[in-house]
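The values are calculated or read from the model by the stated rules, or taken from the named source; none is laboratory data. Owing to the predicted nature of the structure, the values given are computational and were not obtained by experimental measurement. Cβ placement follows ideal geometry from the backbone for every residue including glycine, while neighbour counts extend to all protein chains displayed. For accessibility, only protein heavy atoms count, side chains too; no ligands or nucleic acids. Shrake-Rupley method; radii C 1.70, N 1.55, O 1.52, S 1.80 Å.
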Amino acid sequence: PSTNVGRARGPPDGGWGWVVVFGAFVSIGFAYAFPKGLAIFFKEIQDFFDTSSGEIAWVSSIMLATTYGAGPISSVLVNRYGSRPVVMFGGLLCGIGMVSAAFCNSILQLYICVGFITGLGLALNLQPSVIIIGKYFLKRRPIANGLAMAGSPVMLCTLAPLNQFLFDNFGWRGSFLILGAILLNCCVAGALFRPIGADTASVKKQVAEKGKDALKEVTEDAVEMSSPTTVPMEKKAGEEEGKDCCEKINQYLDFSLFKHRGFLIYLIGNVLMFLGFFAPIVFLAPYAKHIGIDEYSAAFLLSILAIVDMIARPATGIIANSKWVRPRIQYFFSFSIAFNGTCHLLCPLASGYTGLVIYSGFFGLAFGMVCAMLFETLMDLVGAVRFTSAVGLVTIAECCTILLGPPIGGTLIDTFGDYKYMFIKCGVVMVLAGTFLFIMNYYNYRTLAKEKKERKAKEEDLKSVRTENEGRNNWNKEITQDGPELEPLREEKEERKKEMNGT
């Protein structure tokens, strides 16, 4: 990497940053789209292993939950090693997981290979890609995030028909082998993530090493002194080591964020939202096949969703970056979630293929709006400095509802024999999440404005007190300055007193 990039004082907002956006476009695209694209194989794998809809849904569910749940691990690795090696290692894990899945003989083995191994590889692709965009962009960050997030619909639009083509020609085992090779392109995307601020990092390391050497010298001097002083020195060293461990943990994962009101509102709303976020995509193609639509037309519904999503994400990034929306981007995010849920509630009214095409279009629009602002709203709340820790903490909390969402939908399908109850459940959950976020963000904005007024009032009071104190001090100084001029009068008084005493 060039020295100019390493010495950059702030985010460059362009230049090599656009190449980084392209790399994030690829890695984020695979991370989000791959679990959805696998839904093409679910009907056939279900028949092959003779399992229920709920059991087969655990494949995507475990993969998505691992992708989100491994967020803290990914954040720690990024803070320790940087984004580039983490993404490249994640791409290697994805390839190994899918190649291993081609030789599975039970649904449990698919859970391990596809769910855990590939999901962990996708987690190591997702978090570093989002984090490095925040380091390269500040003013144009919403646009950069929107373009990077557009990788998900582009990949989904490509993977849906590609997976159907691979299955028709090579079966699901041969398809998994080929998909494992395709996922190795994440290693190439990770190679584009040039580190930024490398010089400052090396300076910090040198300072830390010098500090450690100084501590060693001090402790050696203490040991050479008399024996009674060695005991307290050992206790202090133990306390310092304990503090260092806590500081290291807090450096990688800032648990003080749980005291942040805006972060807690975001976390609760997103945990509720993800209970119904991914299930409609997982079951869209199987639902189309269930009502008698052919396989390629069912796969094309995912392509329609992805095409609209592809346009919606950059457009949402541009709208969110405008001066009217960006100061209140949390409201826009809440509306997007509620709009997403409304689409799911109306889906059961779509009886034929035309209705499903219309639903896919609106679903793609709503889905793209949510995804484009998913991380931008979090960074808006906590700031770029604490964003790495915030992403890790949010994803590990969200993984529980992500894990349960599709299996609950599959259980409803198995219980009632109809897909409409799954869509209704997802719609109700999403509308509730959007309403909660809207109300609580309104409360948060009002509280922040009130706190700002109180802070200003306190500052004005402090200024007035300072001015009064300054006035008193000036008055006292004037009195002390006039002292020498009144000295003759004081001497006359003292002489008169002495004369009176004498008489």
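Filtered by the rule that a residue be farther than 15 Å from G269 by Cα and touching a residue at least 24 places away in the same chain (Cβ under 8 Å), segment 383-392 gives A384, R386, F387, T388, S389, G392. State whether the residues of segment 70-93 include one that is open to solvent by less than 80 Å² (accessible area, probe 1.4 Å), under 26 Å from D50 (Cα atoms) and aliphatic (A, V, I, L, M). Scanning segment 70-93 turns up no residue that is open to solvent by less than 80 Å² (accessible area, probe 1.4 Å), under 26 Å from D50 (Cα atoms) and aliphatic (A, V, I, L, M). Is it true that some residue in segment 29-41 is over 29 Å from the mean Cα position of the chain (by Cα) and of a type outside the set (G, A, S)? Within segment 29-41, one or more residues are over 29 Å from the mean Cα position of the chain (by Cα) and of a type outside the set (G, A, S).
Taking the criterion of being under 16 Å from S60 (Cβ atoms) and not aliphatic (A, V, I, L, M), would at least one residue in segment 363-381 satisfy it? Yes, that holds for at least one residue. Within segment 377-407, the set of residues being out of contact with any Ser or Thr (no Cβ under 9 Å at 6 or more places or on another chain), open to solvent by 10 Å² or more (accessible area, probe 1.4 Å) and farther than 17 Å from I132 by Cβ comprises D380, L381, I396, A397, C400, T401. Which count do you get for residues in segment 114-140 that are open to solvent by 20 Å² or more (accessible area, probe 1.4 Å) and either over 20 Å from V20 (Cβ atoms) or outside any loop (DSSP other than H, G, I, E, B) (or both)? Counting residues in segment 114-140 that are open to solvent by 20 Å² or more (accessible area, probe 1.4 Å) and either over 20 Å from V20 (Cβ atoms) or outside any loop (DSSP other than H, G, I, E, B) (or both) gives 4.
Remark: pairs (first residue in segment 393-404, in contact (Cβ under 8 Å) with a residue 40 or more places away in the chain; second residue open to solvent by 30 Å² or more (accessible area, probe 1.4 Å); Cβ separation under 6 Å; 6+ apart in sequence or on different chains) = A397/V271; E398/V271; T401/V271; T401/L275. Taken across segment 246-258, residues that are modelled with pLDDT of 80 or more, over 17 Å from M430 (Cβ atoms), part of a loop (DSSP other than H, G, I, E, B) and of a type in the set (A, V, I, L, M, F, W, C) do not occur at all.
Within segment 86-105, residues that are closer than 8 Å to C186 by Cβ have Cβ atoms under 9 Å from residues that are of a type in the set (D, E, K, R) and surrounded by fewer than 24 Cβ atoms within 10 Å (Cβ to Cβ) in no pair, counting only partners at least 6 apart in sequence or on another chain.
Can you name the residue in segment 94-113 that is open to solvent by less than 70 Å² (accessible area, probe 1.4 Å) and within 18 Å of L126 (Cα to Cα) and, of all such residues, is nearest to the chain's Cα centre (by Cα)? Among those that are open to solvent by less than 70 Å² (accessible area, probe 1.4 Å) and within 18 Å of L126 (Cα to Cα), it is C94. Checked against (1) free of Cβ contacts under 8 Å to residues at least 60 places away in the same chain; (2) under 16 Å from L77 (Cα atoms), D380 passes all but a single condition, namely (2). Between Y32, Y68, Y111, the distinction of being touching an Asp or Glu at 6+ places or on another chain (Cβ under 6 Å), of a type in the set (F, W, Y) and either assigned by the TED database to the domain that holds V282 or assigned to a helix (DSSP H, G or I) (or both) belongs to Y68 only. For L412, the criteria (1) touching a residue at least 24 places away in the same chain (Cβ under 8 Å); (2) aliphatic (A, V, I, L, M); (3) surrounded by 20 or more Cβ atoms within 10 Å (Cβ to Cβ) hold in every case but one, which is (1). Take G276 and tell me if it is open to solvent by less than 30 Å² (accessible area, probe 1.4 Å), modelled with pLDDT of 85 or more and outside any helix (DSSP H, G or I). When the stated conditions are applied, G276 passes them. Restricting attention to segment 302-328, the residues being surrounded by 16 or more Cβ atoms within 10 Å (Cβ to Cβ) and either of a type in the set (S, T, N, Q) or without any contact (Cβ under 8 Å) to a residue 60 or more places away in the chain (or both) number 5.
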